[in-house]
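> Encoded as structure tokens, here's the structure I'll be asking about.
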Amino acid sequence: MVFCNNDAMALGAAQAIEAAGGKVGEDIYLLGVDALADALEMIMDGTITGTVFNNHIIQAEKTAEAAEKFFNGESVEVKYTLDYVKVTKENAQEITNMITAD
């Protein structure tokens, strides 16, 4: 199993695995971070096992909500946390649609 700190590293690792005659999903599992468009496409093709999506859309919405509360004198949390979203072949198209929506 190869865990990459970002999807760009996973893209390179996928090339190296293929060059060495390996096959992702059979010989090795390959995971990245960031849910880049290229990585999402490779997940759908089966050449990367998965990635995680740090949902910037929900982050922006929560930030705007907190700012509005703050400026209206309402109480706000000290810290807001959102979980990463696990991206696999099953939901890669859904994440792709989300990040490429107009």
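Every number in this text was worked out from the coordinates using simple rules, so none of it is lab data. Source: prediction; values computed, not measured. Here the Cβ positions follow ideal geometry from the backbone for every residue, glycine too, while neighbour counts run over all protein chains shown.
> Using DSSP to define loop residues, name the trypsin sites (Lys or Arg not before Pro) in the chain whose beta-carbon has at most 12 other beta-carbon atoms within 10 Å.
Lys23, Lys79
> Going 7 Å from the Cα of Ile57 along its beta-carbon direction, which residues of the stretch 67-102 have the amide nitrogen within less than 12 Å of the resulting point?
93-102
> Compute, for the chain, the length of the dipole vector about the Cα centre, with Cβ point charges of +1 (Lys, Arg) and -1 (Asp, Glu) only. Units Debye, rounded to 20.
Dipole size: approximately 260 debye.
> I've got another one for you. Could you run the Karplus curve 6.51 cos²θ - 1.76 cosθ + 1.60 with θ = phi - 60° over the stretch 11-27 and give me ³J(HN,Hα) per residue in whole Hz, x for Gly and Pro?
Taking θ as phi minus 60°, the curve returns 4, x, 5, 4, 5, 5, 5, 5, 4, 7, x, x, 10, 5, x, 10, 8 Hz for the stretch 11-27.
> So, in nm, how far is label Ile99 from label Tyr84 when the simple model puts each one 7 Å beyond its Cα toward the Cβ?
Distance between the two pseudo-spin positions: 1.3 nm.
> In whole Hz, what ³J(HN,Hα) sequence does the stretch 31-37 give by Karplus (6.51, -1.76, 1.60; θ = phi - 60°), x for Gly and Pro?
10, x, 9, 2, 6, 5, 4
> If each DSSP helix of 4+ residues adds -39,500 (n - 2.57) and the sum is divided by the residues in the chain, what number results at 222 nm, nearest 500 deg cm²/dmol?
-14000 deg cm²/dmol
> Quick one: how many lysine pairs does the chain have with C-alpha atoms less than 26 Å apart and a gap of 8 or more or different chains? Give me the count, please.
Close lysine pairs found across the chain: 5.
> Let me ask something additional. Name the long-range amide H neighbours of Ile28: under 5 Å, sequence gap of 5 or more, or other chain; modelled H, no Pro or chain starts.
Answer set, sorted by chain and number: Lys23.
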